[in-house]
1. Long-range amide H contacts for L275: which residues qualify at under 5 Å (H placed 1.01 Å from N, peptide plane, sequence gap of 5 or more or a different chain)?
2. For Y389, which sequence-distant residues (separation of 5 or more, or a different chain) have an amide H within less than 5 Å of its own amide H, given hydrogens modelled in the peptide plane?
3. Between T287 and A91, what length in nm is gained on full extension when 0.36 nm per residue of separation is reduced by their alpha carbon distance?
4. Where does each of 217-227, 281-291, 83-93, 343-353 land if you order them by average Cβ count within 10 Å, highest first?
5. Towards the positive end of the charge dipole of the chain, with charges on Cβ (+1 Lys, Arg; -1 Asp, Glu), say which of S217, L419, L228 has the farthest Cα.
6. Which of the lysines could a cross-linker bridge to K304, judged by Cα under 24 Å and excluding same-chain residues fewer than eight apart?
7. Over all directions, the average projected area of the alpha-carbon convex hull for the stretch 33-423 comes to how many nm²?
8. How would you rank 371-380, 248-257, highest first, on the average number of other Cβ atoms within 10 Å across their residues?
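We did not get these values from a lab; they are worked out from the coordinates using the rules stated. Quick caveat, the model's predicted, so the values are computed rather than measured. Quick reminder, even Gly has a Cβ in these numbers, built from the backbone with ideal geometry, and neighbours come from all protein chains shown.
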Amino acid sequence: MGLGRVGPGVAAAMGVTLALSGFAATPATAAPVAARHPAGHHVFSKAAASFVGAKTVEQKVERLQAAAAGLPRLSKAYDVQPLWDGKIDGAGATVATLVSFGDADIKAVIDAYDQRNGLPPADVQIVEGAGKVPKCTDPGVDSATCESWGGETDLDVEMIHTMAPGAKIIVAATPVAETEGITGLPEMMQAVDYLTTNKLVDVISMSFGATEETFDSFDQIKTLDPALDRASAAGITLVASSGDQGASGTTEDGTGTYGFRVAGWPASDSRVTALGGTVLHLNAQGTRTSPDSLWQDSGGGLSKVYGRPDWQNGVSGITGSTMRSFPDITMEGIQGTSESSPLFAGVLALAVQSKHGRLGQINGALYGKLGPAAATSGIVDVTVGNNNYGSVVGYTATAGFDIVSGWGTIDAAKFVPALVTAVG
């Protein structure tokens, strides 16, 4: 996955997956670029990699608890309680997280975590729309890679469930590890088509990505778009994480990062709503002690593949470009934007329930109505931070819309009803 882990020889060059966080209230010290991407073995985020060796449900629950002990506090941080009090908890909405391998024990793991943390049981289902998913112990499967994907699956599902405890969650698991370049992505898009054709979901969260430069050509990237077009035409909302190497991105061989600004797909695709990462400054009760700031390594920039969509014309004077800028909005991603996408997908489930139907593409509403009316629409500006990465000078968060934080973050109690009204 081109956003947070490096790969060895499972497929010529195994890529990177988005880093997940331990949900600390203050940012971790960034490691040197070279140290994050050593050659020869996978480097998952600390949270996802902690699941390596976890074979039983009990072991997985312990790893999840250690990685996400502070996760339930985000319901207060993002002000979802007023929605829950109004019986808007995601009931009737379905969100899918699109992952490689998944976790066959997901239901038991999530239920145990929820019971420990005072959350209701989750409605979780596994769907294998791109073919039968192997076990981590099957021949030819890199067990550490598979188990780390399992950890990321558990974390993604719990993030969605934390925001929308009443929503149904589908783990759309594929049998091929997604890497830099196109490897694994056709299977991902096959899974998207399966979800669309069978009318299974309202929202799809994609916590993965590959640097645009790692594909054989930019035209090759566009061969993946038809599945996203079909999903969008069906009214499914697509969200994706913006990346974990700031304004840079992982190289095709997975051994380092680019020395110039790059973008990652699918976040750079105008068919999706891209989520950047922020740092929440909270006390033990989950109350903000200061405004959110941009997470240093949050991906964001300008696509070299996709031109500026019509709905970004209003911010063209800010981007100064004819190309698609991303992210569009941000949520917590203290050590990885893999957290941001499922958190926002959970918020969208609340909107789906409130609307009594699918939202479809929301970027037109986000740029046309919600962002410019931030004072009343639940958009909360992010004005501090940048995504410089190593020697690559990135972009800086400023007042109002900017390339690196989009419109900012959200107050769900205001944002959800405003979004429902804006999408009509």
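1. A240, S241, S242, D328
2. For Y389, the qualifying residues are A247, G394.
3. On the way: separation 196, 0.36 × 196 = 70.56 nm, distance 2.64 nm.
Result: 67.9 nm gained on full extension.
4. Values: 217-227: 15.5, 281-291: 12.5, 83-93: 19.2, 343-353: 28.9.
Final packing ranking: 343-353, 83-93, 217-227, 281-291.
5. Working it through, the farthest residue towards the positive pole turns out to be L419.
6. K222
7. Numbers: hull surface 67.2 nm².
Orientation-averaged projected area of the Cα hull: 16.8 nm².
8. Values: 371-380: 17.8, 248-257: 23.4.
Top of the packing list down: 248-257, 371-380.
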